[in-house]
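Values in this text are rule-based calculations from the coordinates and carry no lab data. All of these numbers come straight from a predicted model, not from anything done at the bench. Cβ placement follows ideal geometry from the backbone for every residue including glycine, while neighbour counts extend to all protein chains displayed.
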Amino acid sequence: MRMDKQGINEMNDQALPDHREGLDHLNSVLGKKGIDVNALVGKLKEFQVAVPSWALGTGGTRFGRFPGGGEPGTLEDKIADVGLLHQLSQSAGAISLHIPWDIPKDVKAIKELAASHGLIFDAVNSNTFQDQPDQELSYKFGSLCHADRAVRKQAVDHNLEVIRYGDALGSKSLTVWLADGSSFPGQLNFKKAFRRTLESLQEIYAGMPSDWKMFVEYKPYEPNFYSTVIQDWGTSHMLADKLGDRAYSLVDLGHHLPNTNIEQIVATLMMEGKLGGFHFNDSKYGDDDVTVGSLKPYQLFLIFNELVDGMEDPTSDNPYPAWMIDASHNLKDPLEDLLQSLEAIKLAYAQALLVDRVALEEARENNDPSLAQEILQAAYRTDVRPLLAEARLQAGGALDPIGTYRRLNVRKELIAQRGEKVISTGL
Ligand code: LRH
Ligand code: MN
Ligand code: MN
């Protein structure tokens, strides 16, 4: 389904007087500081985040799944859902596929459908963490690191197949996340596992088109609970470094042990030109995959502060990172949850753009932590919501995405079309 543009416009008209008032106020506050509001709005309009095909249905936990109704049962439906998010937010202009959860049967038709919603295909993701029904060898004891060469080959071949699908769809990067590791001390030879993984990744890297990038995602635990082969950013960076210029680390916010200083990891990787991709979510305990910014918005801002710094650094050759939301939704309507995540990401981005970097650098050079904190928090405590709304309005989206989604009864319509009980593929 597509939303009626007329309905969005009517909702915008109603909200316009309040929006103008808020924007005027912010304009005068930021104007006094010499900040160019139009330039900020322009940057926000450009900022696009990929939505993963597996996040559009209700995610399950180990203990159950409670589908909310009207969920997408096909890839076509998933693309339509991302299209809805994009229509409302004008910030979700890309979709990231997980293969084999979402195999495009008719690649040309799928590509056309996505384009008709204004969407492109971002990084494709391989899956060697589950066995598929028609699969010959099992990944129970690993995939790219497996002791058996034949299993490694099967996993490499799967990645090459994913690259072929991605290439046909116009993707330009492959994200590799491995569940490989061990659950018991003594189970795995760490060095052999690393070397085998590197060797397998080298085969995959060699099979990528020459304009493709590989993103190596790390995670300290789960589903293995004693060790993972690519446990942290250092291991991921080592692999990326050995693989070549087009291999990068990928940071997933949920893939760190509690209290890890993620912003420092971001700064270091970008300094080395090795931060390729980013998975947004939020967490309190582990890889909780909850709504971005719902728990630690200040941490998200500090991370964006480093991302913006890295992107603006003329001495860094880090490529523009691939942004993706990697969250799962057990309680909320997935589309509302994703709209909230998109908003949280752009809020942190806008706040980071407000940081007075010259003054901050001066405070640092003068060993003035109080002033450095004042500068950061002055940006963080600015209510930039009118800027985001203005960016959406100018791009043809909704001033109030969730309010509009609710008032136009989108979920009700989706349930009427798709039924109450569709279970979509994914986690
Ligand atoms: C692993 C992960 C990885 C997978 C996705 C489904 O926890 O973050 O990115 O592809 O979840
Ligand atoms: Mn991830
Ligand atoms: Mn994860």
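Here are some notes:
- Stretching the chain fully between residue 210 and residue 168 yields a gain of 13.7 nm (0.36 nm per residue, less the alpha carbon separation).
- GNM flexibility winner over the chain from 301, 63, 129 (Cα, springs under 10 Å): 63
- With the simple spin-label model, which puts each label point 7 Å out from Cα in the Cβ direction, the residue 107 to residue 66 separation comes to 4.2 nm.
- Net lengthening on full extension, residue 423/residue 374 (0.36 nm per residue, minus Cα-Cα): 12.8 nm
- Cross-link partners of residue 108 among lysines, defined as those whose alpha carbon lies under 21 angstrom from its own and excluding same-chain residues fewer than eight positions apart: 78, 172.
- Beta bridges by DSSP in the chain, antiparallel share as percent, to the nearest 5: 15 percent
- Normalised size of the chain, defined as Cα radius of gyration per 2.2 N^0.38 Å with N residues, equals 1.00.
- Here residue 33 is the anchor, and the lysines within straight C-alpha reach of less than 19 Å, apart from those fewer than 8 places off in the same chain, are 43.
- For the set 140/274; 296/332; 140/219, the pairs lying more than 21 angstrom apart at their alpha carbons are 140/274.
- Pair residue 260, residue 153: separation of 7 Å Cα→Cβ label points (nm): 3.4 nm
- Local electrostatic count at residue 324 - Lys and Arg +1, Asp and Glu -1, tallied over other residues with Cβ under 11 Å: -4
- All-pairs alpha carbon distance profile, the range 56-158, 5 Å steps from 0, percent: 2, 11, 17, 17, 16, 15, 12, 7, 2, 0
- Charge context of residue 145, other residues only, Cβ under 10 angstrom, K/R +1, D/E -1: +2
- From its DSSP helices (H runs of at least four residues, each -39,500 (n - 2.57)), the chain gives a residue-normalised ellipticity at 222 nm of -15500 deg cm²/dmol.
- Order of 106, 252 - criterion: other Cβ atoms within 10 Å of each residue's Cβ, fewest first: 106, 252
- Dipole orientation for the chain: of the candidates 239, 103, 198, 103 has the Cα lying most toward the positive pole (charges on Cβ; Lys, Arg +1; Asp, Glu -1).
- Distance from the alpha carbon centroid of the range 1-38 to that of the range 340-368 works out to 22 angstrom.
- Within the shell of other residues whose beta carbon sits under 15 angstrom from the beta carbon of residue 415, the net charge comes to -2, with Lys and Arg scored +1 and Asp and Glu -1.
- Separation of the range 227-248 from the range 101-177 is 20 Å, based on Cα centroids.
- For the pair residue 132 and residue 28, the difference between a 0.36 nm per residue extended length and the Cα-Cα distance amounts to 31.7 nm.
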